[in-house]
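Here is the structure we will look at.
The values are calculated or read from the model by the stated rules, or taken from the named source; none is laboratory data. Because the structure is predicted, anything quoted here is derived from the model rather than measured. Positions of Cβ are generated from backbone atoms using ideal geometry, with glycine treated the same way; all protein chains shown enter the neighbour counts. Each accessible area value is taken on the protein alone, full model and side chains, heavy atoms only, with ligands, DNA and RNA left out. Shrake-Rupley method; radii C 1.70, N 1.55, O 1.52, S 1.80 Å.
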Amino acid sequence: MTLTAREILDRLVAFPTVSRDSNLDLIDWVEEYLASHGVAARRVYDATGRKAALYANAGPEVEGGVVLSGHTDVVPVDGQNWSFDPFAVTEANGRLYGRGTCDMKGFDAIALAMVPHALAIGVTRPLQIALSYDEEVGCIGAPPMIDDMLRHLPRAAAAIIGEPSMLRPVTGHNASTITDIHVHGYEVHSSKLPEGVSAIHEAGRVLQWVNDHNAECRAATPDPISATFDPPHATTHVGTIQGGTAHNITAKDCTFKLGFRVPAGDDVARHEAALDAFLTQLDGQLRARHPEAGVTWSRNLGVPGLRPETDGVAEALIRQLTGDNGTHVVTYGTEAGQFQDRGYSAVVCGPGDIAQAHQPDEWIATEQFQRGEALMRRVVETLV
Ligand SMILES: [Zn+2]
């Protein structure tokens, strides 16, 4: 199956791989495409068996190759006003419209198109392809995929995570974690307020902690790495809150998610520890007022930050090929931190602008797509 990157993009966008749905039709297609070039792929399934990551090695099985990594899932189109079919590529006004064209099936298509190129020019170090699932719901799919790659493939010298960066080398991004907080109160009629515990009022103390913590972080002098981020400090945010049943009943429950975003020079664990200390103290105070009151909380695994590397192979490769020596860091998370966490030299570099990701009428400029392909072609040519 000899297809251009543009033709592969048509196929990939046609699979509606919204994160909540299966991606196996897309994975089947990719596996068949790779097999048609004599390249075997491995799958790493999720617990439900409805989704899988896929990776492959093109060229000799030796160390020192390059991984081109992308995710196969896309965000939903529900409630968005599209003027085009989101699950087809429409070319108009110098743009390629369609869900995922920018984030990030455009890069996936380019990566897959590089496989026959790598084989044709006889690379002596491998081109490795890594396609994950569930990136858009918290970068869940990549860690088990990378762990499996490390068991079955020689380690590559560089991992390029092709999230839209306008082909700039992005060498740092934030870490993030989410804490689910449940404040338990004690219900009484509000005329008996002193006998009750309002979960909402007590949650207010946590929100005040958030405000205080943000002010503290903003006032502190940033470390040199964090200083390159915008903003140059950690931020703490609560986006939604639920609680209470009536205006005259002290709330029994109040629940919310608290998110930390922490620049790569900082340590997410220290913010978590500060929150945990505050919640532990509040929990003790509430229990003392009523045995049913208190605070419980749990935390997701989070997404590790990407730290700028000293003499990083991945960064050097992209800088050498693009001539871009600027400092580029972003405040969103990617799978690059997960590759780096597992010992890969990693950089984020892909075509398109993150501003178009997740939008109705998502698009990538045709010119960016073509430049992305040209850049990845040169990446592959360094493997000869
Ligand atoms: Zn993405």
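Structural remarks
- When the stretch 256-312 is filtered for residues that are free of Cβ contacts under 8 Å to residues at least 40 places away in the same chain and in a loop (DSSP other than H, G, I, E, B), the ones remaining, listed by number, are Asp267, Pro291, Thr310, Asp311.
For (1) under 30 Å from Leu375 (Cβ atoms); (2) among the hydrophobic types (A, V, I, L, M, F, W, C); (3) in contact with a helix residue (DSSP H, G or I) (Cβ under 9 Å, 6 or more places away or on another chain), each residue gets a yes or a no:
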| position | (1), (2), (3) |
| --- | --- |
| Ile241 | no, yes, yes |
| Asn248 | no, no, yes |
| Ala251 | no, yes, yes |
| Ala293 | no, yes, yes |
| Gly302 | no, no, yes |
| Glu315 | yes, no, no |
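- Residue check for Val384: farther than 26 Å from Ala234 by Cβ, modelled with pLDDT of 95 or more and outside any helix (DSSP H, G or I): yes
- Residues (among the acidic types (Asp, Glu) and surrounded by 14 or more Cβ atoms within 10 Å (Cβ to Cβ)) located in the stretch 26-64: Asp28, Glu31, Asp46
- Candidates Cys139, Cys217, filtered to the one that is modelled with pLDDT of 95 or more and open to solvent by less than 30 Å² (accessible area, probe 1.4 Å): Cys217
- Gly337 meets all of the listed conditions (1) open to solvent by less than 30 Å² (accessible area, probe 1.4 Å); (2) touching a Ser or Thr at 6+ places or on another chain (Cβ under 8 Å) but one, namely (2).
- Qualifying residue in the stretch 176-193 (condition: surrounded by 15 or more Cβ atoms within 10 Å (Cβ to Cβ), within 16 Å of the ligand (Cβ to nearest atom) and in contact (Cβ under 8 Å) with a residue 12 or more places away in the chain): yes
- Residue ID - farthest from the chain's Cα centre (by Cα), chosen from residues in the stretch 43-92 that are within 22 Å of Gln128 (Cα to Cα), acidic (Asp, Glu) and more than 16 Å from the ligand (Cβ to nearest atom): Glu61
- Residues (surrounded by 24 or more Cβ atoms within 10 Å (Cβ to Cβ) and among the charged types (D, E, K, R)) located in the stretch 340-384: Glu362
- Residues that are within 11 Å of His173 (Cβ to Cβ), in contact with a Leu (Cβ under 8 Å, 6 or more places away or on another chain) and not in a strand (DSSP E or B) were ranked within the stretch 329-373; the one that is nearest to the ligand (Cβ to nearest atom) is Thr334.
- When Thr245, Thr235, Thr228, Thr280 are checked against the criterion of being of a type in the set (Ser, Thr, Tyr) and closer than 23 Å to Glu187 by Cβ, a single residue qualifies: Thr245.
- Among the candidates Met145, Met149, residue that is part of a helix (DSSP H, G or I), of a type outside the set (Asp, Glu) and away from the ligand (no atom under 16 Å from the Cβ): Met149
- For the stretch 244-255, the set of residues classified as surrounded by fewer than 19 Cβ atoms within 10 Å (Cβ to Cβ) and either under 22 Å from the mean Cα position of the chain (by Cα) or assigned to a strand (DSSP E or B) (or both) consists of Ile249, Asp253, Thr255, listed by residue number.
- Cβ pairs under 9 Å, 6+ apart, first in the stretch 41-70 and without any contact (Cβ under 8 Å) to a residue 60 or more places away in the chain, second surrounded by fewer than 17 Cβ atoms within 10 Å (Cβ to Cβ) and part of a loop (DSSP other than H, G, I, E, B): Arg50/Asp21
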